[in-house]
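Asks: Below are the structure tokens for one structure; questions will follow.
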Amino acid sequence: MAHHLLPEMELNWVLDLRNAFLIRDPREMLTSLVEFLLDPTLSDTGLPQQWRLFQRLQNEHDGDPPVIVARDVLQAPRDVLSALCEALDVPFRDSMLS
């Protein structure tokens, strides 16, 4: 929910967390967003905030944080979540699939 990250908010608190990004196809995201906001702005999408956070994590940790696509999770949940868990050094559990 990157749209909640206001420009004046500092992001140091996220540096000690294991971070991953769940993204959606922009067309699907916008179709969903306009159901709640008639005239959404770029800031309403959360994309600028998400990019700012991604770059911060990338710079602080010398590499890209994991990024997963929502549709991929729906199509191959076990494979995607297993890979995500491995990237985050978190044990995978079958209960994650339900």
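Any read-out appearing in this document is the output of simple, stated calculations on the displayed coordinates, not a laboratory observation. Note that the structure is predicted; figures quoted are calculated from it, not measured. Every residue, glycine among them, receives a Cβ derived from its backbone with ideal geometry; neighbour counts consider all protein chains shown.
Asks: As a test of the definition: which semi-axes, in Å, follow for the chain when you take the square root of five times each eigenvalue of its alpha carbon gyration tensor? Largest first, please.
Replies: For the chain, the ellipsoid semi-axes come out as 24, 21, 10 Å.
Asks: How much length, in nm to one decimal, is gained on full extension between LEU6 and SER32, taken as 0.36 nm per residue of separation minus their Cα-Cα distance?
Replies: Contour length minus the Cα-Cα distance gives 7.2 nm.
Asks: Nearest 20 debye, what's the magnitude of the dipole of the chain about its Cα centre given +1 on Lys and Arg Cβ and -1 on Asp and Glu Cβ?
Replies: 180
Asks: Counting other Cβ atoms within 10 Å, which GluC sites (Glu not before Pro) in segment 6-44 have at most 16 and lie in a DSSP loop?
Replies: GLU8, GLU10, GLU35
Asks: Do any trypsin sites (Lys or Arg not before Pro) in segment 42-98 lie in a loop, going by DSSP, with at most 15 other beta-carbon atoms within 10 Å of their beta carbon, and if so which?
Replies: Passing sites in segment 42-98 are ARG93.
Asks: If you don't mind, there's one more thing I want to ask. Rounded to the nearest 500, what is the chain's calculated 222 nm mean residue ellipticity when only DSSP H runs of at least 4 contribute -39500 (n - 2.57) each, over all residues?
Replies: -13000 deg cm²/dmol
Asks: Next up: Any idea which of SER98, SER43, LEU81 is furthest toward the positive side of the dipole for the chain, if Lys and Arg beta-carbons carry +1 and Asp and Glu beta-carbons -1?
Replies: Looking along the dipole axis, the top candidate is SER98.
Asks: In addition: In whole percent, what relative contact order does the chain give with Cα contacts below 8 Å and a gap of six or more residues?
Replies: Dividing the mean separation by the residue count of the chain yields 32 percent.
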